[in-house]
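Note sheet for the following structure.
Readers should treat all values here as calculations from the given coordinates under stated rules, not as data from a laboratory. Predicted model only: the values in this text are computed from it and were never measured. A quick note on method: Cβ atoms are made from the backbone with ideal geometry, for glycine too, and the neighbour counts reach across all protein chains shown.
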Amino acid sequence: MAAQNTGDNDECPFCLIVQSQNATEILMSDDELLCFRDVKPGAGHHYLVITKTHISNCKTLRSEHIPTVERMAKMGRNVLEKNKVRDLTDIRLGFHVPPFSSVPHLHLHALAPASKMNESSQRRYGQGSHWFITVEEALSQLRARGRIK
């Protein structure tokens, strides 16, 4: 996937953030990704890492997106560390599975501390949630798809 400086979809709220068409504070950015705070936090720390190119959701990922997903997870961990999250074993990194995605643009949730999430957040982002797939689960599925060819 080639990195671009702007989103591809003028209707997508996250593409508008990529295009700097709103006042969202960007916490971290590189050529391919950017990170900002979730407007409806599910934990004390809740950040979103998005691709600068428009990818619809985790179900549209292909095996060639594995490096992108890995970089998204790394940025998620980095922003948590930058914001003084010390226990990186008590975090959740992952994606909502369609149709449970609130915005149709691939975005990784980085949440901490996972152990302090309330019941509603546990349903949305917790272990065993049918709404949420962890980075590890997503990567495992992508690697399996790559072997099936």
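Things to note:
- The Cβ shell under 13 Å around Val85 holds other residues with a net charge of +3, Lys and Arg each +1, Asp and Glu each -1.
- Loop-located trypsin sites (Lys or Arg not before Pro) in the stretch 1-98, at most 14 other Cβ atoms within 10 Å (DSSP): Arg62, Lys84, Arg86
- Residues with amide H under 5 Å from that of Asp38, placed H, sequence gap 5 or more: His46, Tyr47, Leu48
- GNM remark for the chain: springs join alpha carbons under 10 Å apart, and the peak mean-square fluctuation among His107, His46, His130 falls on His130.
- Pairs beyond 26 Å (Cα-Cα), from Lys59/Lys84; Lys59/Lys82; Lys52/Lys116; Lys52/Lys74: Lys59/Lys84; Lys59/Lys82; Lys52/Lys116
- Using a Förster distance of 30 Å, the FRET efficiency for Ser102-Arg143 (Cβ separation, nearest 0.05): 0.65
- Scaled radius of gyration (Cα, divided by 2.2 N^0.38 Å) that the chain gives: 0.99
- Under 19 Å from the Glu64 label point (7 Å along Cα→beta-carbon), backbone N, the stretch 87-112: 106
- For the residues Gly128, Gly76, Gly94, a GNM of the chain with alpha-carbon springs under 10 Å puts the largest fluctuation on Gly128.
- For the chain, cysteines whose Cβ has no other cysteine Cβ within reach (under 4.7 Å): Cys35, Cys58
- Selected from Ile26, Ile50, Ile91 as most flexible by GNM, with the chain as the system and alpha-carbon contacts under 10 Å: Ile26
- For the pair Ser115 and Ser29 in one chain, pulling the backbone fully straight at 0.36 nm per residue adds 28.2 nm over the alpha carbon distance.
- The stretch 1-109: relative contact order in percent, alpha carbon pairs under 8 Å with at least 6 residues between: 29 percent
- Look at where the Cα atoms of the stretch 103-141 and of the stretch 5-48 average out, and the two centres are 18 Å apart.
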